[in-house]
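This report refers to the structure that appears directly beneath it.
The values are calculated or read from the model by the stated rules, or taken from the named source; none is laboratory data. In this text, all values refer to a predicted model and were calculated from it rather than measured experimentally. Cβ sites come from the backbone with ideal geometry, for glycine too, and all protein chains shown count toward neighbours.
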């Protein structure tokens, strides 16, 4: 192999590697998006002390919150997020968490004396100041 052919081969590989780095850098800095949070009500657009609509995602400064008083509705959403159907006959407080396929950790929980079911997703700390209070 001549020196010219070898130089072309090295430059060709360098061009492929460079193009790969440039194209992949478009995605490297972007954060993952919560895939299971569908059309959240934006923070600052609703009364934080008012009633929330069931089976709806709400954005707060620190988290995304979903709640429902329908157990089956909550179990269906949790099955979508976790990839594992579940059912329980439990009274009292409970808390389950799972790292979903979108990379975020979701928490399914309920209070001791309530028929309300919650699914929450904590926001990354560096996003807290980006959300209006």
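To keep it simple, each residue is scored yes or no on (1) surrounded by 15 or more Cβ atoms within 10 Å (Cβ to Cβ); (2) over 18 Å from the mean Cα position of the chain (by Cα); (3) touching a residue at least 40 places away in the same chain (Cβ under 8 Å); (4) not assigned by TED's automatic domain parsing to the domain that holds residue 116.
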position	(1), (2), (3), (4)
64	yes, no, yes, no
68	yes, yes, yes, no
80	no, no, yes, no
86	no, yes, no, no
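Assuming residue 125 fulfils every condition listed in (1) surrounded by 17 or more Cβ atoms within 10 Å (Cβ to Cβ); (2) within 16 Å of the chain's Cα centre (by Cα) apart from one, which condition is it?
Against the list (1) surrounded by 17 or more Cβ atoms within 10 Å (Cβ to Cβ); (2) within 16 Å of the chain's Cα centre (by Cα), residue 125 comes up short only on (1).
Quick grid of which residues meet (1) within 24 Å of residue 121 (Cα to Cα); (2) in a loop (DSSP other than H, G, I, E, B); (3) at pLDDT below 65:
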residue	(1), (2), (3)
4	no, no, no
9	no, no, no
27	yes, no, yes
34	yes, yes, no
52	yes, yes, no
64	yes, no, no
67	yes, no, no
80	yes, no, no
84	yes, yes, no
